[in-house]
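Visitor: Please see the structure below; I have some questions.
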Amino acid sequence: MAHASPRHSDARVLEAWRENAAPWTQTVRAQAIESRRLVTDRAVVDAALRLAPRSVLDLGCGEGWLSRALCLHGIEVHGVDAIPDLIDAARRLQGDAHAVQPRYDCLSYEAIAEGALCARYDLAICNFSLLGDDSVAGLLGAMPALLNPRGHVLIQTLHPPQACGEAPYLDGWRDGSWAGCDAAFGEPAPWYFRTIGGWVALLERSGLRLRELAEPVHPVSGRPVSLMLIAEAG
């Protein structure tokens with residue numbers, strides 16, 4: 001088991017995102033990251049719509065782009081994030097005037113694991129938002145209690161074999177990077193790397209049964225750019 005250092009820890013993840021909330025908001029709204037623009041944004045929206053939810057919990061919603069996109073389809077969306085500046089940015093930008101509007105709250109994964117949400121949802125989405133170790137395990141462990149009957153969890157994350165680079169293919173903390181981002185970012189957030197097997201095992205430990213695994217592919221390189229997991233309560 002990998003042990004967190006002061007540089008690599010769940011607390012440092014949040015600290016780095018607090019420091020970089022403004023440039024991240026700018027980057028997302030400018031659609032400046034090619035893989036998101038060409039592949040992963042559409043992939044997560046399409047996967048969510050296939051599941052036909054009436055209610056969605058957008059976990060780690062950031063500045064709210066996915067919450068707004070799903071609301072355009074008449075879905076009730078509750079976006080939550082632990083970074084106050086990101087939630088403020090999401091609240092300031094309303095979606096289409098004719099669509100239902102998302103609701104946003106500033107909540108940490110630890111607070112959600114401890115029961116801060118008194119609601120159930122048809123679908124919980126974690127779109128590139130599961131970066132930590134213990135905080136992520138606690139959050140996923142809380143998911144069965146937050147899902148309606150036949151509800152699902154949808155996770156999109158970096159594709160492990162592609163993201164591993166030259167490091168050993170083992171679960172553990174990694175240094176972060178803002179590669180592909182044009183804005184003026186500060187120190188990047190670390191992230192806890194999980195192999196595909198590590199993700200599947202974590203779902204099982206959390207009382208979730210894997211229903212679907214997909215690997216969205218870049219249209220030019222032909223290589224997978226993300227790993228998508230759809231699970232339901234076991």
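The values are calculated or read from the model by the stated rules, or taken from the named source; none is laboratory data. Because the structure is predicted, anything quoted here is derived from the model rather than measured. Here the Cβ positions follow ideal geometry from the backbone for every residue, glycine too, while neighbour counts run over all protein chains shown. The accessibility values were calculated without ligands, DNA or RNA, using every heavy atom of the protein model including side chains. Shrake-Rupley method; radii C 1.70, N 1.55, O 1.52, S 1.80 Å.
Visitor: Against the condition out of contact with any strand residue (DSSP E or B) (no Cβ under 8 Å at 6 or more places or on another chain), without any contact (Cβ under 8 Å) to a residue 60 or more places away in the chain, charged (D, E, K, R) and under 30 Å from Arg7 (Cβ atoms), how does Glu166 come out, does it pass?
Guide: yes
Visitor: Quick check on the range 86-120: of everything there that is out of contact with any Asp or Glu (no Cβ under 9 Å at 6 or more places or on another chain) and of a type in the set (A, V, I, L, M), which residue is surrounded by the fewest Cβ atoms within 10 Å (Cβ to Cβ)?
Guide: If we take residues in the range 86-120 being out of contact with any Asp or Glu (no Cβ under 9 Å at 6 or more places or on another chain) and of a type in the set (A, V, I, L, M), then Ala97 is surrounded by the fewest Cβ atoms within 10 Å (Cβ to Cβ).
Visitor: Hey, does the range 187-198 have a residue that's within 22 Å of Ala82 (Cα to Cα), open to solvent by 40 Å² or more (accessible area, probe 1.4 Å) and more than 17 Å from the chain's Cα centre (by Cα)?
Guide: Yes; the residues of the range 187-198 include at least one that is within 22 Å of Ala82 (Cα to Cα), open to solvent by 40 Å² or more (accessible area, probe 1.4 Å) and more than 17 Å from the chain's Cα centre (by Cα).
Visitor: Take the range 155-179 and flag every residue that is open to solvent by less than 50 Å² (accessible area, probe 1.4 Å) and part of a loop (DSSP other than H, G, I, E, B).
Guide: His159, Ala167, Gly176, Trp178
Visitor: For residues that are in contact with a helix residue (DSSP H, G or I) (Cβ under 8 Å, 6 or more places away or on another chain), more than 20 Å from Gly234 (Cβ to Cβ) and part of a helix (DSSP H, G or I), tally how many sit in the range 109-151.
Guide: Total meeting the criteria: 4.
Visitor: Next question. Do any residues in the range 113-138 that are within 20 Å of Ile230 (Cβ to Cβ) and among the hydrophobic types (A, V, I, L, M, F, W, C) have Cβ atoms under 6 Å from those of residues that are modelled with pLDDT of 95 or more and assigned to a loop (DSSP other than H, G, I, E, B), where the two are at least six apart or on different chains, and which pairs are they?
Guide: Within 6 Å, the pairs are Leu123/Leu51; Leu123/Pro53; Val136/Leu130.
Visitor: What are the pairs, 6+ residues apart or on separate chains, where a residue within the range 22-51 that is touching a residue at least 40 places away in the same chain (Cβ under 8 Å) has its Cβ under 7 Å from a residue that is in a helix (DSSP H, G or I) and open to solvent by 70 Å² or more (accessible area, probe 1.4 Å)?
Guide: Ala22/Asp85
Visitor: Taking into account only those residues within the range 135-145 that are in contact with a Leu (Cβ under 8 Å, 6 or more places away or on another chain) and open to solvent by 10 Å² or more (accessible area, probe 1.4 Å), which is nearest to Pro216 (Cα to Cα)?
Guide: Ala137
Visitor: Kindly establish whether Asp46 is open to solvent by 50 Å² or more (accessible area, probe 1.4 Å), modelled with pLDDT of 95 or more and over 20 Å from Ile230 (Cα atoms).
Guide: Values: open to solvent by 50 Å² or more (accessible area, probe 1.4 Å): yes; modelled with pLDDT of 95 or more: yes; over 20 Å from Ile230 (Cα atoms): no.
Spelling it out, it is not the case that Asp46 is open to solvent by 50 Å² or more (accessible area, probe 1.4 Å), modelled with pLDDT of 95 or more and over 20 Å from Ile230 (Cα atoms).
Visitor: Kindly list, by first and then second residue, each pair from a residue in the range 198-221 that is closer than 17 Å to Ala48 by Cβ to a residue that is exposed (fewer than 14 other Cβ atoms within 10 Å of the Cβ), limited to pairs with Cβ atoms under 7 Å and residues at least 6 apart or on different chains.
Guide: Leu208/Gly234
Visitor: Right, another one. Please state which one of Ile83, Ile75, Ile125 is closer than 21 Å to Ala16 by Cα, open to solvent by less than 20 Å² (accessible area, probe 1.4 Å) and of a type in the set (A, V, I, L, M).
Guide: Exactly one of Ile83, Ile75, Ile125 is closer than 21 Å to Ala16 by Cα, open to solvent by less than 20 Å² (accessible area, probe 1.4 Å) and of a type in the set (A, V, I, L, M), namely Ile83.
Visitor: With the condition kept exactly as written, say whether any residue in the range 76-90 is touching a Leu at 6+ places or on another chain (Cβ under 7 Å) and of a type outside the set (A, V, I, L, M, F, W, C).
Guide: yes
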